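The values are calculated or read from the model by the stated rules, or taken from the named source; none is laboratory data. Being a predicted model, the structure only gives us computed values, none of them experimental. Ideal geometry is used to build each Cβ from the backbone, glycine not excepted, and the neighbour counts take in all protein chains shown. Only protein heavy atoms, including side chains, enter the accessible area calculation; ligands, DNA and RNA are left aside. Shrake-Rupley method; radii C 1.70, N 1.55, O 1.52, S 1.80 Å.
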Amino acid sequence: MYRDQPSPDELAAMQEAVDRALLAKNQSGKAGIAAAILRGGVKIGRGENEVNLQSDPTKHAEMVALTEAAHALGHSDLSGCVMISTLQPCEMCLAAMRFAGIERVIFGATQDKVAAKYFMFPGLSIADFQAAGKPFEAIGGQFEAELLPLYIDGEE
């Protein structure tokens, strides 16, 4: 059973993601968005947004972390894992997370406080994903004050 607050391991992974996002914003081709996948409190995948670096619109930080975690486990079933992201996952990333079996996401900056460019379907919310099919837990706003300067104007 999940808690309604992040665990110490989840908060530590979130802090590391925040640090990576702040660093990535200054690296050529990278955007300041970072994610990680935890299983049993252990990080098994991580990623930064590589959309511009790879010229691939699917290389969001969450997608990179999902791929790395699946490779680490040797299969695509990530049931029991937790997604950590510095930005509320977009619709594509939420769908991929759910296809992988992830039932818990902890994120930083929330959709209602960031630039519109991060979400293609503004009428589709995280609550819609929670209501469709098997439920999952979403805890947002972690380290949000520190992260909002990255995403408020969409110029991360």
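For the reader, a short list of remarks on this structure follows.
- Residue in the stretch 131-149 that is crowded, with 23+ Cβ neighbours inside 10 Å and touching a residue at least 12 places away in the same chain (Cβ under 8 Å) present: yes
- Count of the stretch 46-77 residues which are outside any helix (DSSP H, G or I) and either touching a Cys at 6+ places or on another chain (Cβ under 7 Å) or surrounded by fewer than 24 Cβ atoms within 10 Å (Cβ to Cβ) (or both): 12
- Test: residue in the stretch 67-83 that is among the β-branched types (Val, Ile, Thr), within 24 Å of Arg20 (Cα to Cα) and touching a helix residue (DSSP H, G or I) at 6+ places or on another chain (Cβ under 7 Å): yes
- Qualifying residue in the stretch 79-94 (condition: farther than 23 Å from Gln5 by Cα, of a type in the set (Gly, Ala, Ser) and open to solvent by 40 Å² or more (accessible area, probe 1.4 Å)): no
- Verdict on Gly101 being assigned to a loop (DSSP other than H, G, I, E, B), surrounded by 12 or more Cβ atoms within 10 Å (Cβ to Cβ) and out of contact with any Phe, Trp or Tyr (no Cβ under 9 Å at 6 or more places or on another chain): yes
- Boolean, Thr110 is surrounded by fewer than 14 Cβ atoms within 10 Å (Cβ to Cβ) and in contact with a helix residue (DSSP H, G or I) (Cβ under 9 Å, 6 or more places away or on another chain): no
- A Cβ distance below 6 Å, combined with a sequence gap of six or more or placement on separate chains, defines the contacts here; from the stretch 56-85, residues that are under 12 Å from Ala36 (Cβ atoms) and aliphatic (A, V, I, L, M) reach residues that are open to solvent by 40 Å² or more (accessible area, probe 1.4 Å) and modelled with pLDDT of 95 or more in the pairs Ala65/Arg46.
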